[in-house]
Amino acid sequence: MQEVILAIIAGLVVGFIFALIKLPIPAPPALPGIAGIVGIYLGYKLLQWVLPYFTS
C-alpha cells in the first residue's frame, strides 16, 4: 500500500511541475493510457503464469 501512495504522490508532483512550466502532461489520453497500463500489467502477469509450463 505504501508503494501505491508513493506512486500517487510522485505522479502529483510531476503533474504539478509540468503544469507550472506549461508543458503537456507526460501521459497518453486518460482512458487509452489506463487501458495500456492494464494491458502491460496483465501481459506481465500472464507470462509469469505461463512460463513455468514451458521451462523445467
Please state which one of Gly11, Gly43 is modelled with pLDDT of 90 or more and of a type in the set (Gly, Ala, Ser). Gly43
Given the criteria loosely packed, with under 10 Cβ neighbours inside 10 Å and touching a Phe, Trp or Tyr at 6+ places or on another chain (Cβ under 8 Å), does Pro24 qualify? yes
Where the second residue is loosely packed, with under 10 Cβ neighbours inside 10 Å and at pLDDT 85 or above and the first is assigned to a helix (DSSP H, G or I) and lies in the range 16-33, which pairs have Cβ atoms under 8 Å and are six or more apart or on separate chains? Phe18/Pro24
With respect to the numbered conditions (1) at pLDDT below 85; (2) among the polar types (S, T, N, Q); (3) assigned to a helix (DSSP H, G or I), which one is the sole condition not fulfilled by Ser56? (3)
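The values are calculated or read from the model by the stated rules, or taken from the named source; none is laboratory data. Values in this document were obtained by computation on a predicted structure and should not be read as measured data. All Cβ positions, even for glycine, are placed from backbone atoms using ideal geometry, and neighbour counts span all protein chains on display.
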